[in-house]
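**Student:** Before I ask anything, here is the structure I am working with.
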Amino acid sequence: MRDKYLNLVANNQDTIKKIFSLILSILLWFFIITEIDPVITKDFTNVEVELRNQSTMRQAGMELLKSDDYTTNIVVSGNRSAVIGLKEEDISAYVDLGEVQPGSQRLPIHFRLSDENLKIKKSNPSAITISVDEMVSMKKPVTVTAKGNPADGMVLDRIIVNQDEVTVKGPKKSVDKVHSVAGHILITDAKETVVSSVELTPLDQNKHVIEGLEVTPNTVGVQAAISKAKSVPIEVNYEQDEGGEFNRDRAILTPATVTITGDSGAIDGIESITTRPVNAKELMSTNAVPVRLIVPEGIHLVNPDESVILRYMKKESARRTLEVSTEHMTSLKGVNLSDFNVPKKIDVEIYGDASLVDVLRASDIQLIVDREGKVIAKGPKDLEIIRIKPKRLTSSS
């Protein structure tokens, strides 16, 4: 039996050696893992960076100009037994805003790990850049405009807002950009005064919304007074037109009519508006004079700032109205045409030498819009633009 066993061992020496080597390797591996516990590293990407002590910063009268979501990539080093089970929620990455100052600054990212024996070997980035500004409160003017048009035969007489200013609070750089705090009241098809509470939005000089600001109060009470309207002709009251040289047919009034509003009973009895006396000799010598209107009591002009000009044509002159396409309309710098309701065509009336007026084409007129929606028409230098309709575009907001 003994000989048989020895023969078996002798015949399987290689297999026995392999088995022995395997057992020895397992024992050695187990010893290293359990007793030696080597140092290893582990990568974590896009670890969220927390912004701490924002309340302390705000109590000091400051605010972040832009609050982004910050992340960092890190490499953690430590004993294998500790690192192998480490998860992202066991890592705390943060910056301290408690002692920031106004302006742009770079703040280091701090780390805390659930196991204090572990270390951050590397982080990228290791700091973040933030911009902080002083918090201020300033009074800003309120602007309320009408949206839409009242019913036929009616006109927007005036808009009354219950307060002229509101308080705007926020970062100083943003507050300084506020040109007005604006809102609109809807008057579409209105036949009588519209009363509404209007929400306000801070706007810059180009009428773009400025985000991140607090408006107090953020609504105002508004009345849009809607009155009966009537368009009547203007009659020129001439003086010193005797002598035969002055020809009334050569006198061109622009505009030839005005729109009036006010007391309904008073409006019904008015058929025309008369000008203050115009000196015919002065008109002939200057070619054009502004005229003033005599407006009856209880009545007022819908467009009181509109200029009324009387021109006198000494030579063969003409006037003509062209329908100018808005396809190539442009705007002043910083003005976006999409902020306005743009019609397909604009009526432009021109005046000047008859030979030039007759050959003028609509494409020779350039249309431009300013930030208030006013339409500006430019043509050949020897011709005069005397009327634009509509002369102001309505807001699309």
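Values quoted throughout were computed directly from the atomic coordinates according to the rules given, and no laboratory measurement underlies them. The structure presented is a predicted model; accordingly, all values stated were derived computationally and were not measured. Cβ: placed from backbone, ideal geometry, glycine included. Neighbour counts: every protein chain shown.
**Student:** Since Ile270 meets every condition but one in (1) part of a loop (DSSP other than H, G, I, E, B); (2) crowded, with 16+ Cβ neighbours inside 10 Å, which condition does it not meet?
**Tutor:** So Ile270 meets the others, but not (2).
**Student:** Does Val136 satisfy the condition of being of a type in the set (A, V, I, L, M, F, W, C), in a strand (DSSP E or B) and in contact (Cβ under 8 Å) with a residue 40 or more places away in the chain? Explain how you work it out, then say what you get.
**Tutor:** On the way: of a type in the set (A, V, I, L, M, F, W, C): yes; in a strand (DSSP E or B): yes; in contact (Cβ under 8 Å) with a residue 40 or more places away in the chain: no.
Answer is no for this residue.
**Student:** Let me ask you something else. Step by step: first the residues of segment 199-214, then only those that are among the acidic types (Asp, Glu) and in a loop (DSSP other than H, G, I, E, B), then the one that is farthest from Ala182 (Cα to Cα). Which residue is that? Don't jump to the end; show me each part of the working.
**Tutor:** Step one: list which residues in segment 199-214 are among the acidic types (Asp, Glu), which gives 199, 204, 211, 214.
Pick out the ones that are also in a loop (DSSP other than H, G, I, E, B) and you get 204, 211.
Working: Asp204: 10, Glu211: 14 Å.
Restricting to residues being among the acidic types (Asp, Glu) and in a loop (DSSP other than H, G, I, E, B), the top hit is Glu211.
**Student:** Does segment 249-267 include one or more residues that are surrounded by fewer than 17 Cβ atoms within 10 Å (Cβ to Cβ), farther than 21 Å from Asp382 by Cβ and of a type in the set (A, V, I, L, M)?
**Tutor:** yes
**Student:** Which of the residues belonging to segment 366-397 are aliphatic (A, V, I, L, M) and either in a strand (DSSP E or B) or more than 30 Å from the chain's Cα centre (by Cα) (or both)?
**Tutor:** Kept after step one, since they are aliphatic (A, V, I, L, M), are these residues of segment 366-397: 367-369, 375-377, 383, 385-386, 388, 393.
Those that are aliphatic (A, V, I, L, M) and either in a strand (DSSP E or B) or more than 30 Å from the chain's Cα centre (by Cα) (or both): Leu367, Ile368, Val369, Val375, Ile376, Ala377, Leu383, Ile385, Ile386, Ile388.
**Student:** If I go through segment 56-70 residue by residue, how many of them are closer than 15 Å to Tyr94 by Cα and surrounded by fewer than 12 Cβ atoms within 10 Å (Cβ to Cβ)?
**Tutor:** 3
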